[in-house]
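Bear in mind that the values in this text are calculations on the coordinates, not laboratory data. Given the structure is predicted, the values throughout are model-derived calculations rather than measurements. Ideal geometry is used to build each Cβ from the backbone, glycine not excepted, and the neighbour counts take in all protein chains shown.
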Amino acid sequence: MVAEVQQYFADHGASHIAVLGKTNQYAPLLLTTPAEIAQAAAGTVSLGLQAQTHTEPVSAMMVAAFGDPGLAMLRAQVSVPVVGIGESAFMTAAHNGRRFGIVTITPDADLLASFSTKAHQLGIAQQYGGTWLTQGDAHHLLANHQQLDKALTGAIHLAIAEGVAAVIIGGGPLSAAAQRLQPQFSIPLISPVVAAANAVLDKLS
């Protein structure tokens, strides 16, 4: 994800902004349930506080997990802008009143319900059209880009058939897939990482 954000900055005339990546050692690679997101929150906040007191303090922070673990807590404790890839993706997808949906690989019912809750919290519940799931085991799909892209493509077509005007590819590890698949579709596929990178540039401009 660091390389993805750095490339986005370079492509948008902000190559002078250096991206420092920190991994939350207390969370799994893929957060598949609200319990795992809650578990990751403390580690996220700890990393953010460390970054603020670094000898070269950061100008902004990005929580790079779609569930935005610890986002609100971190915002309350640091003095720099903090963006979450989930929140950024939701707001990007809903831009100009668009009806949007989410395509993801994680089927946990409580996690899917949390997407609806987030849309309500952000004031865009009426634009949220729902979530469409891929077929196949999430971890297996992440290990095989061809199968992942095929599974996502099928779910995206189902979402479009239901009338959404934008689709979030829901998951930090899926952001690159959103960019790979975009040429196949006429509606925007929202990469959460790209949406957050854009939000950072807006905050720093």
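Structural remarks
- Value of relative contact order over the range 1-99, rounded to a whole percent, pairs C-alpha under 8 Å and six or more apart: 20
- Each other residue within a Cβ distance under 14 Å of Asn24 adds +1 if Lys or Arg and -1 if Asp or Glu, for a net charge of -1.
- The range 49-205: antiparallel DSSP beta bridges as a percent of all, rounded to 5: 0
- Relative to the longest principal axis of the Cα atoms of the chain, the long axis of helix 2-11 makes an angle of roughly 90 degrees.
- For the chain: relative contact order, % (alpha-carbon pairs under 8 angstrom, 6 or more apart): 23
- For the chain, the longest principal axis of the Cα atoms and the long axis of helix 192-204 meet at an angle of about 40 degrees.
- Rounded, prolate or oblate (a/c below 1.5 giving rounded, otherwise prolate when a/b exceeds b/c) for the range 144-205 by Cα gyration tensor: oblate
- For the chain, the longest principal axis of the Cα atoms and the long axis of helix 145-161 meet at an angle of about 70 degrees.
- A simple count of charges around Ala40, restricted to other residues whose Cβ falls under 14 Å of its Cβ and scoring Lys, Arg +1 and Asp, Glu -1, yields -1.
- For the pair the range 94-147 and the range 1-23, the centres of their Cα atoms are 25 angstrom apart.
- Candidate aspartates and glutamates for bridging to Lys118, where Cα separation is under 17 Å - those fewer than 8 sequence places away on the same chain excluded: Glu36, Asp68, Glu87, Asp108, Asp110
- Net +/- balance of residues flanking Leu174 in space, Cβ distance below 13 Å, scoring K and R +1, D and E -1: -1
- Cα gyration tensor category, rounded, prolate or oblate, for the range 1-58 with a/c compared to 1.5: oblate
- Relative contact order for the range 116-202: 21 percent, from Cα pairs under 8 Å spaced at least 6 residues apart, divided by residue count.
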